[in-house]
1. What's the number of the condition residue 8 fails, among (1) more than 23 Å from residue 86 (Cα to Cα); (2) among the aromatic types (Phe, Trp, Tyr); (3) free of Cβ contacts under 8 Å to residues at least 24 places away in the same chain?
2. Do you know which residues across segment 73-85 are more than 12 Å from residue 22 (Cβ to Cβ) and in contact (Cβ under 8 Å) with a residue 40 or more places away in the chain?
3. The conditions are (1) among the hydrophobic types (A, V, I, L, M, F, W, C); (2) closer than 23 Å to residue 6 by Cβ; (3) buried (at least 16 other Cβ atoms within 10 Å of the Cβ), and residue 92 fails exactly one of them. Which is it?
4. What pairs can you find where one residue is in segment 93-108 and farther than 14 Å from residue 46 by Cβ, the other is at pLDDT 95 or above and not in a helix (DSSP H, G or I), and their Cβ atoms are less than 9 Å apart, with a gap of 6+ or different chains?
5. Being among the aromatic types (Phe, Trp, Tyr) and within 15 Å of the chain's Cα centre (by Cα) is the filter here, so list the residues in segment 41-99 that pass it.
6. Could you give me the residue pairs with C-beta distances under 9 Å whose first residue belongs to segment 27-55 and is over 12 Å from residue 99 (Cα atoms), whose second residue is of a type in the set (Asp, Glu) wherever it lies, and which are 6+ apart or on separate chains?
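The values are calculated or read from the model by the stated rules, or taken from the named source; none is laboratory data. None of these values were measured; they are calculated from a predicted model. Cβ placement follows ideal geometry from the backbone for every residue including glycine, while neighbour counts extend to all protein chains displayed.
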Amino acid sequence: MGWEVWMFAAVVAAVAVGCLMPTHWLPPLPHDKWLHFGAYAGLTLLAARIAPGWTELKFWALGLLVAGWLIELLQMLVPGRNFCWRDMGANAAGVAAASVAAMLLKTIM
């Protein structure tokens, strides 16, 4: 396994822990949606390093969207957290932006 797989797993764990932590344990987060965008864009870029081609990257991207949706559902069980469609939108925007960027980079390199 390459470093990308280990890094991907570590970032997934960090995102899951951060998203499923009660809000009173966290510092104030002024731009929550940018954090969602950045986390899912970063995960998608790591997935693009792992996926050998566009077809595989589409499955990785779909998996990240499903994981984000599941995390949002699980947040309903965490004190001070709830399901947020805007978070889902930020996650999806991060996945989409990074997917396009990754494919453009793979095309020109």
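1. The single condition residue 8 does not satisfy is (3).
2. The answer is 74, and nothing else.
3. (2)
4. Listed by first residue and then by second, the contacts come to nothing, as the list is empty.
5. Just the residues of segment 41-99 that are among the aromatic types (Phe, Trp, Tyr), to begin with: 54, 59-60, 69, 83, 85.
Of everything in segment 41-99, those that are among the aromatic types (Phe, Trp, Tyr) and within 15 Å of the chain's Cα centre (by Cα) turn out to be 59, 60, 69, 85.
6. Pairs that qualify, where the first residue is over 12 Å from residue 99 (Cα atoms) and the partner is of a type in the set (Asp, Glu), are 32/87; 33/87; 36/87; 50/4; 50/56.
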